[in-house]
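Asker: For reference, the structure I am asking about is given below.
The values are calculated or read from the model by the stated rules, or taken from the named source; none is laboratory data. Remember, it's a predicted structure, so these values are computed and weren't measured experimentally. Cβ placement follows ideal geometry from the backbone for every residue including glycine, while neighbour counts extend to all protein chains displayed.
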Amino acid sequence: MAFELLEVHGIIYKRQKYQEADLLAKLLTRELGPVTVILKGALRPKSKLASVALPFTEGTFTILTKRRGISQFRTYKDLVQHDELFGDLLASAYASFIFDLLDHAAVEYQPVGKYYQLVMTAFHRMLAGDDLEMLSQIVQLQLLEAYGVKPELSCCLVCGKVQGTFDYSISLGGVVCSDHFARVQRMHLAPKTVALLRTLGLVPIDRLGSIQIDDQLKEQSRQAIDLIYQETVDLNLRTKKFLDELKTL
Ligand SMILES: [Zn+2]
């Protein structure tokens with residue numbers, strides 16, 4: 001396949017020094033999903049690419065690509081940098097985690113569709129100071145589908161009931177109402193926790209108002225989501241481990 005010059009929109013979410021002064025970066029793009037690019041000489045003093053090499057730089061990028069492997073970074077325009085993240089280790093860790101989570105569900109050079117908007121909106125709301133933990137829980141729940149696990153959250157898996165008291169069943173892959181509690185394997189979550197999971201999993205992130213959830217409930221939904229991921233997707237993300245460690249400090 002021949003090289004082509006393509007203009008893509010997106011964000012740099014991971015970077016790594018390569019050889020003397022080059023940088024390998026992961027770009028999440030609207031057009032091609034995740035893409036690995038090499039920025040030659042980006043780490044040299046006075047390099048024109050130095051400003052692009054900062055983490056979480058958004059913009060329009062021109063890449064020379066075969067739509068596989070490593071593409072070459074050429075030019076950029078309309079750069080947006082997020083200085084607000086530089087001093088904020090926790091927010092940066094959350095941002096790295098949500099991009100990493102999408103990265104692992106996606107295939108390079110294949111568009112990620114609606115998940116692009118999901119993660120970018122969550123990222124921008126994190127920058128705006130919205131609740132980091134809640135936003136990351138929304139992303140985690142709504143990305144389960146990208147991992148091939150689409151949990152049923154809108155109604156009871158057994159009878160289709162929409163309202164009532166619910167629990168979550170990992171083996172069935174969704175919520176069940178109290179009519180069947182005796183007969184199914186379930187997580188034994190508090191009904192309040194399940195209600196929160198349903199909301200977070202179903203709400204369109206751009207229509208979400210400000211979220212105020214008490215810490216205890218937030219922690220319970222976090223543990224439930226961790227368990228659902230462990231049992232169904234079994235990822236071992238370094239960004240998640242780092243984030244969990246950071247939260248215990
Ligand atoms: Zn039911």
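Asker: Criterion first (among the charged types (D, E, K, R), away from the ligand (no atom under 16 Å from the Cβ) and closer than 27 Å to A91 by Cβ) does E219 satisfy it? Working first, answer last.
Answerer: Values: among the charged types (D, E, K, R): yes; away from the ligand (no atom under 16 Å from the Cβ): yes; closer than 27 Å to A91 by Cβ: yes.
Here the answer is yes, as E219 does meet what is asked.
Asker: Oh, and also: May I ask you to verify whether T75 is in a strand (DSSP E or B), at pLDDT 95 or above and among the polar types (S, T, N, Q)? Spell out the reasoning first.
Answerer: Details: in a strand (DSSP E or B): yes; at pLDDT 95 or above: no; among the polar types (S, T, N, Q): yes.
No; evaluated as a whole, the condition is false for this residue.
Asker: Is one or more of the residues making up region 43-56 within 20 Å of A93 (Cα to Cα), under 16 Å from the mean Cα position of the chain (by Cα) and modelled with pLDDT under 95? Even if it seems obvious, please write down each step before you answer.
Answerer: To start, the set of residues in region 43-56 that are within 20 Å of A93 (Cα to Cα) comprises 52-56.
Now narrow it down to the ones that are under 16 Å from the mean Cα position of the chain (by Cα): 55-56.
Going one step further and asking which of them are modelled with pLDDT under 95, we end up with 55-56.
Yes, region 43-56 has at least one match.
Asker: Could you tell me which of the residues V149, V107 is in the same structural domain as I228 (by TED's automatic domain parsing), away from the ligand (no atom under 16 Å from the Cβ), surrounded by 15 or more Cβ atoms within 10 Å (Cβ to Cβ) and assigned to a loop (DSSP other than H, G, I, E, B)? So that I can check it myself, show each step before the final result.
Answerer: On the way: V107 fails: surrounded by 15 or more Cβ atoms within 10 Å (Cβ to Cβ).
Criteria check complete, one pass: V149.
Asker: Just for region 29-42: of the residues that are part of a loop (DSSP other than H, G, I, E, B) and at pLDDT 95 or above, which one is surrounded by the fewest Cβ atoms within 10 Å (Cβ to Cβ)? Before you say what the answer is, go through the steps one by one.
Answerer: Of all residues in region 29-42, those part of a loop (DSSP other than H, G, I, E, B) come to 30-32, 40-42.
Now restrict to residues that are at pLDDT 95 or above: 30-32.
Details: R30: 15, E31: 13, L32: 20.
It comes out as E31.
Asker: I need every pair where a residue in region 154-182 that is farther than 20 Å from Q142 by Cβ and without any contact (Cβ under 8 Å) to a residue 60 or more places away in the chain has its Cβ under 7 Å from the Cβ of a residue that is within 7 Å of the ligand (Cβ to nearest atom) and among the acidic types (D, E), sequence separation at least 6 or different chains.
Answerer: C159/D179
Asker: Only one residue in F73, F3, F61 is in contact (Cβ under 8 Å) with a residue 40 or more places away in the chain, in contact with a His (Cβ under 8 Å, 6 or more places away or on another chain) and over 26 Å from L132 (Cβ atoms). Which one?
Answerer: Working: F73 fails: in contact with a His (Cβ under 8 Å, 6 or more places away or on another chain); F3 fails: in contact with a His (Cβ under 8 Å, 6 or more places away or on another chain).
Within the list F73, F3, F61, the selection yields F61.
Asker: Tell me which residues, restricted to region 155-174, are under 17 Å from A224 (Cβ atoms) and either more than 9 Å from the ligand (Cβ to nearest atom) or in a loop (DSSP other than H, G, I, E, B) (or both). Don't jump to the end; show me each part of the working.
Answerer: To start, the set of residues in region 155-174 that are under 17 Å from A224 (Cβ atoms) comprises 157, 165-174.
Result: L157, T165, D167, Y168, S169, I170, S171, L172, G173, G174.
Asker: Just to verify a result, which residue in region 175-185, among those that are assigned to a strand (DSSP E or B) and within 21 Å of Q223 (Cβ to Cβ), is nearest to the ligand (Cβ to nearest atom)?
Answerer: Let us first name the residues in region 175-185 that are assigned to a strand (DSSP E or B), namely 175-177.
Those left that are additionally within 21 Å of Q223 (Cβ to Cβ): 175-176.
Numbers: V175: 9, V176: 6 Å.
The qualifying residue nearest to the ligand (Cβ to nearest atom) is V176.
Asker: What about V52, is it surrounded by 15 or more Cβ atoms within 10 Å (Cβ to Cβ) and assigned to a strand (DSSP E or B)? Reasoning before the result, please.
Answerer: Values: surrounded by 15 or more Cβ atoms within 10 Å (Cβ to Cβ): yes; assigned to a strand (DSSP E or B): no.
For V52, the condition - surrounded by 15 or more Cβ atoms within 10 Å (Cβ to Cβ) and assigned to a strand (DSSP E or B) - is not met.
Asker: Quick test for you: out of K150, K161, pick the one residue that is modelled with pLDDT of 95 or more, of a type in the set (K, R) and within 25 Å of Q220 (Cα to Cα). Don't jump to the end; show me each part of the working.
Answerer: On the way: K150 fails: modelled with pLDDT of 95 or more.
Every option except K161 fails the conditions.
Asker: Check every one of the helices (runs of 4 or more DSSP H) wholly within region 186-249 and list those with 3 or more residues that are out of contact with any Phe, Trp or Tyr (no Cβ under 9 Å at 6 or more places or on another chain) and buried (at least 16 other Cβ atoms within 10 Å of the Cβ). Explain how you work it out, then say what you get.
Answerer: Values: elements: 191-202, 215-232, 238-248.
Of the helices (runs of 4 or more DSSP H) lying wholly inside region 186-249, those with at least 3 residues that are out of contact with any Phe, Trp or Tyr (no Cβ under 9 Å at 6 or more places or on another chain) and buried (at least 16 other Cβ atoms within 10 Å of the Cβ) span 191-202, 215-232.
Asker: Still on this structure, I have one more. Is there any pair linking a residue in region 81-97 that is modelled with pLDDT under 95 to one that is among the polar types (S, T, N, Q), with Cβ under 9 Å and at least six apart or on different chains, and which?
Answerer: Here the result reads Q81/S51; Q81/T57; H82/T57; L85/S92; F86/S92, each pair linking region 81-97 to a residue that is among the polar types (S, T, N, Q).
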